[in-house]
Amino acid sequence: MGKTTGFMDYEREDCKAASPKARIKNFNEFHEPLSPEKQKEQAARCMDCGVPFCQSGKLLKGMVSGCPLNNLIPEWNELLYVGNYKGAYLRLAKTSNFPEFTSRVCPALCEKACTCGLNGDAVSTKENEKTIIEYAFEHGYVTAQPPKVRTGKKVAVIGSGPAGLAAADLLNKRGHEVEVYERSDRPGGLLMYGIPNMKLEKWVVERRIRLMEQAGVVFHTNKDVGRDVKAQTLLKNYDAVVLACGSANPRDIKAEGRDAQGIYFAVDYLKSVTKSLLDSDLKDGTFISPKDKNVVVIGGGDTGNDCVGTSVRLGCRSVTQLEMMPKLPDTRAAGNPWPQWPMVCKTDYGQEEAIAVFGHDPRIYQTTVKAFVKDKEGRLIKLKCVKLEQKRDEKTGRTVMSEVPDSEYELPCELVLIAAGFLGSQKYVTDAFGVELDERTNVKTGKDRFATNNPKIFAAGDMHIGQSLVVRAIRQGRDAAKEVDEFLMGYTNLE
């Protein structure tokens with residue numbers, strides 16, 4: 001490597017985040033990058049470890065360890081250290097279509113598998129990646145590259161989230177004519193409306209969309225395939241179709257009083273806020289407002305945290321986050337060794353902000369909602385909750401969460417945001433195309449394949465594998481594009 005003793009010479013140093021009380025005043029990204037000299041030192045910490053688990057992307061005990069894109073991390077860390085930004089960008093772009101997205105929203109699976117992290121602090125790979133890609137944009141290395149030769153083949157990509165964009169990007173580079181259909185008014189899928197602005201400012205997404213358009217990709221917005229665009233029309237007009245519509249069925253909470261006014265799915269809440277922010281800087285008042293309300297977020301994942309941070313910014317009276325499962329340990333348990341994904345408790349940005357504003361962690365563990373209580377007008381006024389405990393199911397041998405007798409309690413609440421995950425693809429889309437589904441209602445394909453029961457239709461991303469990460473969706477899109485290309489041409493030279 002560029003500096004073989006770098007991991008001993010330099011301590012890990014992360015870019016500085018604005019204080020919680022300062023950053024909740026707006027919806028902007030809130031991390032200040034290190035100086036170029038400091039970032040080079042961080043790249044120097046990448047050690048000559050022999051086996052770079054950071055780029056492996058392997059499943060270990062059901063969780064991905066290392067980068068699913070197999071990014072050439074040690075190579076571009078070294079190039080960043082020696083100041084060869086263009087070389088670093090070219091190595092990064094070889095495996096990653098959109099480093100500007102993953103360097104902002106990925107949970108850094110690479111760092112969790114970093115060899116330096118075995119006995120110390122991992123290399124700050126995510127921030128190194130962001131430094132490389134933003135330098136590349138600033139200095140004109142990232143340009144639209146229309147293919148010199150077109151194949152005459154046409155491909156429709158349904159959905160413009162990370163999987164759809166990745167598939168469209170590669171297929172267009174190959175020379176196929178690619179058109180992307182998006183049901184929302186802006187392309188980007190969950191990158192645009194599912195991830196809040198403070199994690200991913202939307203000019204970043206728009207910048208990449210413009211480049212793709214300049215390279216020849218055509219985007220059709222406000223086109224809901226399966227409803228106002230017929231599947232058979234697409235199958236007639238295109239040589240192949242890629243379904244990348246996401247895992248868009250939110251898991252509901254079945255409890256008494258579910259019809260009360262003031263209960264929303266998290267994805268609808270986040271979309272309403274981001275759309276209003278982009279359309280009018282929140283002046284149009286079209287978003288679901290938590291102002292002066294007691295907000296309860298049901299679900300403890302990233303989306304739940306995003307709801308917490310958004311509600312704090314919009315002036316909620318209080319915010320509580322309910323989690324069914326027990327609190328994870330603060331450090332790795334003995335049965336969760338490196339380089340497995342660390343099953344540890346993380347306090348994310350939204351929870352930090354709630355703590356700063358309200359003085360306590362918003363999370364309540366091992367609890368669930370028994371009933372939604374409404375007033376005479378049908379408006380939500382409070383929740384009846386119950387504590388849960390872990391028990392072993394005698395029939396299946398699995399650990400399940402069971403109610404604790406006489407543990408009911410109430411929470412004041414005028415707004416509930418359900419962030420309990422997703423249950424697979426949407427039926428009207430899969431029905432329209434006549435594709436088979438698996439037991440989880442994801443689109444069914446062969447193992448490690450993307451073609452459906454209709455050889456002209458392919459599936460990628462969350463619609464194919466279920467709810468997952470942006471980085472895995474990008475990998476799905478890339479791999480699907482290779483299979484589509486082989487179907488169209490009889491071979492593929494896509495990497």
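The values are calculated or read from the model by the stated rules, or taken from the named source; none is laboratory data. The structure displayed is predicted, hence computed values, not measured ones. A quick note on method: Cβ atoms are made from the backbone with ideal geometry, for glycine too, and the neighbour counts reach across all protein chains shown. The protein model used for the area step is the full one, side chains on, heavy atoms only, and it has no ligands, DNA or RNA in it. Shrake-Rupley method; radii C 1.70, N 1.55, O 1.52, S 1.80 Å.
Structure notes:
- Boolean, residue 393 is over 29 Å from residue 195 (Cα atoms) and modelled with pLDDT under 95: yes
- Strands (runs of 3 or more DSSP E) contained in segment 244-331 and holding at least 3 residues touching a strand residue (DSSP E or B) at 6+ places or on another chain (Cβ under 8 Å) and open to solvent by less than 30 Å² (accessible area, probe 1.4 Å): 294-298, 318-322
- Failed condition for residue 86, given (1) out of contact with any His (no Cβ under 9 Å at 6 or more places or on another chain); (2) open to solvent by 40 Å² or more (accessible area, probe 1.4 Å); (3) more than 30 Å from residue 316 (Cβ to Cβ): (1)
- Odd one out for residue 54 among (1) outside any helix (DSSP H, G or I); (2) touching a residue at least 12 places away in the same chain (Cβ under 8 Å); (3) within 23 Å of the chain's Cα centre (by Cα): (1)
- Taken over segment 201-233, the criterion of being under 22 Å from residue 425 (Cβ atoms) and either crowded, with 19+ Cβ neighbours inside 10 Å or in contact (Cβ under 8 Å) with a residue 60 or more places away in the chain (or both) is satisfied by 219, 225, 226, 227, 230, 231.
- Counted residues, segment 111-134 - those being within 20 Å of residue 94 (Cβ to Cβ), open to solvent by 20 Å² or more (accessible area, probe 1.4 Å) and aliphatic (A, V, I, L, M): 0
- The set of residues from segment 57-69 being touching a residue at least 40 places away in the same chain (Cβ under 8 Å), over 15 Å from residue 127 (Cα atoms) and part of a loop (DSSP other than H, G, I, E, B) comprises 57, 61, 66, 68, 69.
- Residue 399 being among the β-branched types (Val, Ile, Thr) and at pLDDT below 95: yes
- Subset of segment 6-22 (residues that are open to solvent by 50 Å² or more (accessible area, probe 1.4 Å), part of a helix (DSSP H, G or I), of a type outside the set (Phe, Trp, Tyr) and touching a residue at least 12 places away in the same chain (Cβ under 8 Å)): 9, 21
- Restricted to segment 135-151, and to residues there that are open to solvent by 50 Å² or more (accessible area, probe 1.4 Å) and among the hydroxyl-bearing types (Ser, Thr, Tyr), the residue that is nearest to the chain's Cα centre (by Cα) is 135.
Here is a yes/no grid of residues against (1) acidic (Asp, Glu); (2) in a loop (DSSP other than H, G, I, E, B):
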residue	(1), (2)
373	no, no
377	yes, yes
388	no, no
401	no, no
440	no, yes
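- Inter-residue pairs, beta-carbon under 9 Å, first assigned to a loop (DSSP other than H, G, I, E, B) and in segment 123-152, second β-branched (Val, Ile, Thr), 6+ apart: 123/73; 123/115; 142/133
- Pairs meeting the criteria (first residue in segment 409-424 and over 29 Å from residue 463 (Cα atoms) and outside any strand (DSSP E or B), second residue open to solvent by 50 Å² or more (accessible area, probe 1.4 Å) and modelled with pLDDT of 95 or more, beta carbons under 7 Å, at least 6 apart or on different chains) are 413/382; 414/293; 414/381.
- Residue 70 open to solvent by 20 Å² or more (accessible area, probe 1.4 Å), at pLDDT 95 or above, polar (S, T, N, Q) and at positive phi: yes
- Residues that are of a type in the set (D, E, K, R), open to solvent by 40 Å² or more (accessible area, probe 1.4 Å) and touching a residue at least 40 places away in the same chain (Cβ under 8 Å) within segment 483-495 comprise just one, 495.
- Tally, over segment 413-453, of residues that are buried (at least 16 other Cβ atoms within 10 Å of the Cβ) and closer than 30 Å to residue 378 by Cβ: 12
- Just one of the listed residues (86, 3) is outside any helix (DSSP H, G or I) and either without any contact (Cβ under 8 Å) to a residue 40 or more places away in the chain or not hydrophobic (A, V, I, L, M, F, W, C) (or both), and it is 3.
- For the residues 267, 295, 319, the requirement of being under 23 Å from residue 364 (Cα atoms), touching a Gly at 6+ places or on another chain (Cβ under 7 Å), touching a residue at least 12 places away in the same chain (Cβ under 8 Å) and of a type outside the set (Phe, Trp, Tyr) singles out 267.
- Subset of segment 101-118 [among the polar types (S, T, N, Q) and farther than 18 Å from residue 44 by Cβ]: 102, 103
- For segment 461-482, the criterion of being modelled with pLDDT of 95 or more and surrounded by fewer than 17 Cβ atoms within 10 Å (Cβ to Cβ) is met by none of the residues.
- Checking every residue in segment 112-122 against the condition of being part of a helix (DSSP H, G or I), polar (S, T, N, Q) and without any contact (Cβ under 8 Å) to a residue 40 or more places away in the chain gives zero matches.
- Residues in segment 175-187 include none that are in a helix (DSSP H, G or I), open to solvent by less than 20 Å² (accessible area, probe 1.4 Å) and on the phi < 0 side of the Ramachandran plot.
- First in segment 159-173 and surrounded by fewer than 24 Cβ atoms within 10 Å (Cβ to Cβ), second anywhere and modelled with pLDDT of 95 or more and among the basic types (Lys, Arg), Cβ under 8 Å, 6 or more apart: 170/478; 170/482
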